[in-house]
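All remarks here apply to the structure that follows.
The values are calculated or read from the model by the stated rules, or taken from the named source; none is laboratory data. What you are looking at is a predicted structure, and each value in this text was computed from that prediction instead of being measured. Cβ: placed from backbone, ideal geometry, glycine included. Neighbour counts: every protein chain shown. When the accessible area is computed, the model is the full protein with side chains, heavy atoms only, and any ligands, DNA or RNA have been set aside. Shrake-Rupley method; radii C 1.70, N 1.55, O 1.52, S 1.80 Å.
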Amino acid sequence: ETGVTQTPRHLVMGMTNKKSLKCEQHLGHNAMYWYKQSAKKPLELMFVYNFKEQTENNSVPSRFSPECPNSSHLFLHLHTLQPEDSALYLCASSQGGQGDTEAFFGQGTRLTVV
Amino acid sequence: AQSVTQLDSHVSVSEGTPVLLRCNYSSSYSPSLFWYVQHPNKGLQLLLKYTSAATLVKGINGFEAEFKKSETSFHLTKPSAHMSDAAEYFCVVRGMAAGNKLTFGGGTRVLVKP
C-alpha cells in the first residue's frame, strides 16, 4: 500500500458513456498527477495539480476532464472516449515544490473503451 | 530541459545471476533520480532514490544504484536475481528547475529464467 487509492480498478465503457476515475491520498501531499500508460509506449504525464490548481495540461484531449476539489482528491472525468484511450491510468501524489521527494503511485485503473 | 534514456528495453537473466539495468539522464540542474518497479497490472513502487547525498544508494529487495555525474548515469544493479524480480523498471529524473515534474525513461522489462 502506497497511501494512494484509485477506484475503480477496472472499467469497461462504451464510446458514448460518461464515467469518472477517482484518486485519493491521505499522505498530506499537495501535488497530484494523472498519467496514462499504454502498451508499448512510455508513461505519459496528463495533468498536474499543485495546491488544487492545475499547473500542467500536457495537450490532453478535452474528452478527458480533471477535477481537484481539494488536495486529497483527484478525479478524471471521461466522456465520448475512443478505443485508443484504452490504457492503465495512474494517479500519483508528492510533496510539491521539493525536487528530492518521490511520487507515490496508486494501483491504477485499467480502462477499456469498446 | 531534462530527459532519461534507458538503454535496454528488455533484459533477460537467469535466477541467481546479477542484474544490470542501465539509465542515462540529462538535466540542467543537479537532479534527483529514482528507480521504480512495476509488476503486471500494478502501480509503480519506489525502489530507491538519489538526492545528492551518497552516490551509492541502497534500495529495497537487494537493489542498489550508483550515481555517476561524470557519466550522467544511474544504473541499477542486484547481485542475484530472484524470480519475483520479473517486472518492468523505470528510471526517473526530477530536476529542481522543473518543479514538480517527473520525467520517466521508456522502461526496461526484466525476464528471469529459472
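The residue that is surrounded by the fewest Cβ atoms within 10 Å (Cβ to Cβ), among those in the stretch A:20-54 that are touching a residue at least 60 places away in the same chain (Cβ under 8 Å) and more than 11 Å from the chain's Cα centre (by Cα), is A:G28. Screening the stretch B:6-49 for residues that are facing chain A (nearest Cβ under 9 Å) and open to solvent by less than 20 Å² (accessible area, probe 1.4 Å) and picking the one that is nearest to B:K113 (Cα to Cα) gives B:Q38. Within the stretch A:1-19, the set of residues being of a type in the set (S, T, Y) and either at pLDDT below 95 or exposed (fewer than 13 other Cβ atoms within 10 Å of the Cβ) (or both) comprises A:T2, A:T16.
Pairs linking a residue in the stretch B:36-62 that is in contact (Cβ under 8 Å) with a residue 60 or more places away in the chain to a residue that is open to solvent by 70 Å² or more (accessible area, probe 1.4 Å) and part of a loop (DSSP other than H, G, I, E, B), with Cβ atoms under 6 Å and 6 or more positions apart or on different chains, do not occur. Screening A:N57 with (1) more than 10 Å from chain B (Cβ to nearest Cβ); (2) in contact (Cβ under 8 Å) with a residue 12 or more places away in the chain; (3) in contact with a strand residue (DSSP E or B) (Cβ under 9 Å, 6 or more places away or on another chain); (4) more than 24 Å from B:Y89 (Cα to Cα) gives one miss only, at (2). Just one of the numbered conditions (1) of a type in the set (S, T, N, Q); (2) open to solvent by 50 Å² or more (accessible area, probe 1.4 Å); (3) away from chain A (no Cβ under 13 Å) is not true of B:S52: (3).
A:F47: in contact with an Asp or Glu (Cβ under 7 Å, 6 or more places away or on another chain) and hydrophobic (A, V, I, L, M, F, W, C), yes or no? It is true that A:F47 is in contact with an Asp or Glu (Cβ under 7 Å, 6 or more places away or on another chain) and hydrophobic (A, V, I, L, M, F, W, C).
Annotation note: of A:P83, A:P69, the sole residue that is open to solvent by 50 Å² or more (accessible area, probe 1.4 Å), more than 9 Å from chain B (Cβ to nearest Cβ) and touching a residue at least 40 places away in the same chain (Cβ under 8 Å) is A:P83.
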